[in-house]
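See below for the structure under consideration.
The values are calculated or read from the model by the stated rules, or taken from the named source; none is laboratory data. Keep in mind that this is a model prediction, so the values were computed, not measured. Positions of Cβ are backbone-derived with ideal geometry, glycine not excepted, and every protein chain shown enters the neighbour counts. Keep in mind that these areas ignore ligands, DNA and RNA; they rest on the heavy atoms of the full protein, side chains included. Shrake-Rupley method; radii C 1.70, N 1.55, O 1.52, S 1.80 Å.
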Amino acid sequence: MPEKSGAEILIDILVEQGVDTVFGYPGGAVLPIYDALFQHKKIKHVLVRHEAGAAHSAEGYARATGKPGVVLVTSGPGATNAVTGIADAFMDSIPLIVLTGQVATNLIGSDAFQEADTVGITRHCSKHNYLVKDPAELSAVVREAFVIATKGRPGPVVIDIPKNVQVATASTDVKSPARSRFTYAGEADYAEINRAVELIANAKAPILYTGGGIINSGPTASEALRELAELTGAPVTSTLMGLGAYPASGEAWLGMLGMHGTYEANMAMNQCDVMVCLGARFDDRVTGRLDAFSPNSIKIHVDIDRSSMNKTVRVDLPIVADVGMAMRQMIDVWKGRKYKTQPLTEWWSRITGWRAVDCLSYPGSTQEIMPQYAIERLFEATKDKAPIITTEVGQHQMWAAQHFHFDAPNKWLTSGGLGTMGYGLPAAIGAQMGNPDALVIDIAGEASIQMNIQEMATASQYRLPVKVFILNNEWMGMVRQWQELTYESRYSESYSDSLPDFVALAEAYGWKGIRCDDPAKLDDAIAEMLAHDGPVMFDCRVHKTSNCFPMIPSGAAHTDMILHADQVSGTMDDEAKALV
Amino acid sequence: MHIKQELTERHVLTLTVDNEAGTLARIAGMFTSRGYNIDSLTVADISEDHTTSRITIVTKGPPPVIDQIIAQCERLIPVHKVTDLTEAGPHVERELALVKVNGTGDQRVEAMRLADIYRARVIDATVNSFIFEITGGPEKIDTFVSLMREVGLVEVGRTGIVGLMRGADAS
């Protein structure tokens, strides 16, 4: 009976599952797997410079391609360094397979060199995890892991493989089936869909509140959303994670909602009579003060995860289903019953009034580059190239969400739930690996970019032409903004002191470096960045003290938006301070 | 500012789970990481082929939290079924306790008399001690233990609650 080592079995199953790219970093406890990968014809290994980079790169790859991202790291520090990326993928429902080496089974628990309790550490930040103690179990475990990571609500699955299990052999004859214990929602119950369609058809002020679940459900879900919006005539808003599912150029688009969402989106959420939440989860960044959240609406919630129902907001009609399928069912029912698209004239005229507030306007300057202006110009210069945009976390992320506009899914990669600084550059690398011909830009801040800046070498090694566009205001801008709003401008530790010379740094890594601080020269500088056939770091020196508005302060309702800096008080009561 | 407390309800949940390494840690840890309470937890293999265990958890929380607890349990891969006995209707709950009492003379006689009333059995005896075995609902055991405190209680071991739905059907 033919036998193979655990490492070889693992690689065979990865190939069987369609894996062509693995992001990883070698170390003692994964050497047998790396040996099996040596000059492998079907699997390309991308050597990152820090395991956090591996996890975020895999996230970027997954988000941009729709396929699961695969991570391979060693035991102990290799695994613990990857934990932030695993937690990030868990919060944002990104399918990852994380393969971690472990010390040999007979050494587990002995405080061996580079031993960490990886399954213990990742238990509550992964969708599922395994410790494989016998190579004969590997094929079934890995097959099941791919099902769990990608089906239902996607998420990261960790497989911890002790070194002796990688070396020991097992029969390859046994066709171990993927175990079928994992069940997940698919189509919705038609009774629920009928009721939902009736509610929408009879609404005077409906709204579609969409989220990342639509992106996860696949491109057909985005198409269904467009059709549903057109049929119902309802306005569409989206969470940070859902941008691109409905085109920003579409007529029904209100912009993003939530803490830094548009005035019209938040007012429409507050005033609607029927809210249809599609693949979103009523996150605290979206709802603001819960007891004042959309007080008069009937709420329909379509989500594939039953635990998202009634978690923070009580809904009237929970529908546990794949959001793409449920929307398709709604469309079928709508058409089958020959409902007419309602003009909703009064509702749209109120929305037009809110739009007239022009909440995203900002003070212009001919002397300095305003950060919003930089995003606008970047958008104008790249919008015909269907770019993939990644971000770090902070003000630049929110400005990008507000001023860069997405017309297609899988083009917007950002750390929403966990809010991980250092996500953007490795995510851009992963997205570029999955889309070699795409224009991939990491919109960054000067503080965030330093959290995984070592990944510049990865881009150099694989000749990935990623662009890093840094809005450099020399502050951890979002921290400074909150200190201004909440702590009377006591700027505790939020100044980005001792910054590197980003142009010199770019050159040190073999990148091109560009610096610009003049609004008149910005377009040319962006053109120069785009014309360069290789990685570019763009140090865009922006107005230092701009804040990101509109903003719903923590603990406030949608109707209490701060639109401009002159509405800021500088203090906050303890109840509000206690909220994140 | 002060931390607010909410009114809670007691619920008995039973979970059918895969009998594999880490399942209990996954469930117990999920309760901790999401800030839920566990008043008692029991687990034992219940299937002929040793692949399935049944876990009984007694928890407390406001009704929306109980609903979340059930949903979060169901989300775990090795958890196949969650039943809220409290919500599902008439059910029985039983717990077993071992109660050790030291004493001589009248105290010892009184312990025996009370044990008899509560239908506790003696499973170990020396000239100055007993171990009683008692089963029943948690309140009966609470009462018995507090009575034993008066007559020389040394220590108590309790299993935590197991429960089943009344009637012919499986829960």
Fill in: Among the residues listed as A:206, A:219, A:235, A:247, the single one being open to solvent by 10 Å² or more (accessible area, probe 1.4 Å) and touching a strand residue (DSSP E or B) at 6+ places or on another chain (Cβ under 9 Å)
A:247
Worksheet item: Out of curiosity, is residue A:561 more than 26 Å from the chain's Cα centre (by Cα) and crowded, with 19+ Cβ neighbours inside 10 Å?
Response: no
Item to complete: Could you check how many residues of the stretch A:108-124 are open to solvent by 50 Å² or more (accessible area, probe 1.4 Å) and within 12 Å of chain B (Cβ to nearest Cβ)?
Response: 4
Worksheet entry | residue B:81 vs. criteria within 14 Å of chain A (Cβ to nearest Cβ) and in contact with a strand residue (DSSP E or B) (Cβ under 6 Å, 6 or more places away or on another chain) | yes
Item to complete: Test each condition in (1) more than 10 Å from chain A (Cβ to nearest Cβ); (2) open to solvent by less than 40 Å² (accessible area, probe 1.4 Å); (3) at pLDDT 95 or above for residue B:103 and report the one that comes out false.
Response: (3)
Discussion item. For the list (1) within 14 Å of chain B (Cβ to nearest Cβ); (2) in contact (Cβ under 8 Å) with a residue 24 or more places away in the chain; (3) open to solvent by less than 20 Å² (accessible area, probe 1.4 Å), I need the number of the one condition that residue A:304 fails.
Written reply: (3)
Item to complete: State which residue is farthest from the other protein chains (Cβ to nearest Cβ) when the search covers only the stretch B:62-78 and only residues that are open to solvent by 30 Å² or more (accessible area, probe 1.4 Å) and of a type outside the set (A, V, I, L, M).
Response: B:63
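Take the residues of the stretch A:174-195 that are more than 14 Å from chain B (Cβ to nearest Cβ) and open to solvent by 90 Å² or more (accessible area, probe 1.4 Å): which is modelled with the lowest pLDDT?
Result: A:177.
Could you go through the stretch B:85-98 and let me know if any residue there is polar (S, T, N, Q) and closer than 26 Å to residue B:136 by Cα.
yes
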Worksheet item: In the stretch B:1-16, which residue that is open to solvent by less than 80 Å² (accessible area, probe 1.4 Å) and under 17 Å from residue B:92 (Cα atoms) is farthest from the other protein chains (Cβ to nearest Cβ)?
Response: B:12
Item to complete: Kindly list the number of the only condition in (1) open to solvent by less than 10 Å² (accessible area, probe 1.4 Å); (2) touching a residue at least 40 places away in the same chain (Cβ under 8 Å) that fails for residue A:404.
Response: (2)
Discussion item. Looking at the stretch A:472-506 only, could you name the residues that are on the phi > 0 side of the Ramachandran plot and of a type outside the set (Ser, Thr, Tyr)?
Written reply: A:474, A:488, A:493
Fill in: the stretch A:1-36, residues that are part of a helix (DSSP H, G or I) and open to solvent by 60 Å² or more (accessible area, probe 1.4 Å)
A:8, A:12, A:16, A:31, A:35
Discussion item. Quick test for you: out of A:311, A:299, A:338, pick the one residue that is free of Cβ contacts under 8 Å to residues at least 40 places away in the same chain, crowded, with 18+ Cβ neighbours inside 10 Å and away from chain B (no Cβ under 14 Å).
Written reply: A:299
Worksheet entry | Close pairs (9 angstrom Cβ cut-off, 6 or more residues apart or separate chains): polar (S, T, N, Q) in the stretch A:467-485, open to solvent by 40 Å² or more (accessible area, probe 1.4 Å) and assigned to a strand (DSSP E or B) anywhere | A:472/A:515; A:472/A:541; A:473/A:541; A:481/A:475
Worksheet entry | Matching entry among A:260, A:301 (being within 22 Å of the chain's Cα centre (by Cα) and in a strand (DSSP E or B)) | A:301
Response to the item:
Restricted to the stretch B:24-45 and to residues being within 11 Å of another protein chain (Cβ to nearest Cβ) and of a type in the set (Ser, Thr, Tyr), the residue most open to solvent (accessible area, probe 1.4 Å) is B:32
Worksheet item: (1) out of contact with any Ser or Thr (no Cβ under 7 Å at 6 or more places or on another chain); (2) more than 30 Å from residue B:55 (Cα to Cα); (3) not in a helix (DSSP H, G or I): which one isn't true of residue B:131, the others all being true?
Response: (2)
Discussion item. Tell me whether the stretch A:518-526 contains one or more residues that are at pLDDT 95 or above and outside any helix (DSSP H, G or I).
Written reply: yes
Discussion item. Which count do you get for residues in the stretch A:263-285 that are in a helix (DSSP H, G or I) and either in contact with an Asp or Glu (Cβ under 6 Å, 6 or more places away or on another chain) or open to solvent by 10 Å² or more (accessible area, probe 1.4 Å) (or both)?
Written reply: 7
Worksheet item: Picking from B:114, B:164, B:96, B:85, which residue would you name as being surrounded by 14 or more Cβ atoms within 10 Å (Cβ to Cβ) and more than 20 Å from residue B:42 (Cβ to Cβ)?
Response: B:114
Worksheet item: Being open to solvent by 60 Å² or more (accessible area, probe 1.4 Å) and more than 13 Å from chain B (Cβ to nearest Cβ), is that true of even one residue in the stretch A:125-138?
Response: yes
Item to complete: Determine the pairs where a residue that is within 15 Å of residue A:116 (Cα to Cα), located within the stretch A:74-87, has a partner that is of a type in the set (D, E, K, R) and in a helix (DSSP H, G or I) with Cβ atoms under 6 Å apart, the partner being 6 or more residues away or on another chain.
Response: A:78/A:51; A:81/A:51; A:82/A:51
Worksheet item: Which ones in the stretch B:80-92 are assigned to a helix (DSSP H, G or I) and more than 16 Å from residue B:40 (Cα to Cα)?
Response: B:87, B:88
Worksheet item: Residues in the stretch B:46-61 that are surrounded by fewer than 18 Cβ atoms within 10 Å (Cβ to Cβ) and either part of a helix (DSSP H, G or I) or over 16 Å from the mean Cα position of the chain (by Cα) (or both): how many?
Response: 7
Worksheet item: Could we say that residue B:77 is assigned to a strand (DSSP E or B), of a type in the set (A, V, I, L, M, F, W, C) and more than 18 Å from the chain's Cα centre (by Cα) here?
Response: no
Worksheet item: When the stretch A:37-67 is examined, which residues are found to be touching a residue at least 24 places away in the same chain (Cβ under 8 Å) and open to solvent by 30 Å² or more (accessible area, probe 1.4 Å)?
Response: A:40, A:42, A:44, A:45, A:47, A:49, A:50, A:65, A:66, A:67
Worksheet item: Among the listed residues A:366, A:345, which satisfies the condition of being of a type in the set (Val, Ile, Thr) and over 24 Å from residue A:227 (Cβ atoms)?
Response: A:366
Discussion item. Criterion first (under 15 Å from the mean Cα position of the chain (by Cα), more than 14 Å from every other protein chain (Cβ to nearest Cβ), part of a helix (DSSP H, G or I) and not hydroxyl-bearing (Ser, Thr, Tyr)) does residue B:95 satisfy it?
Written reply: no
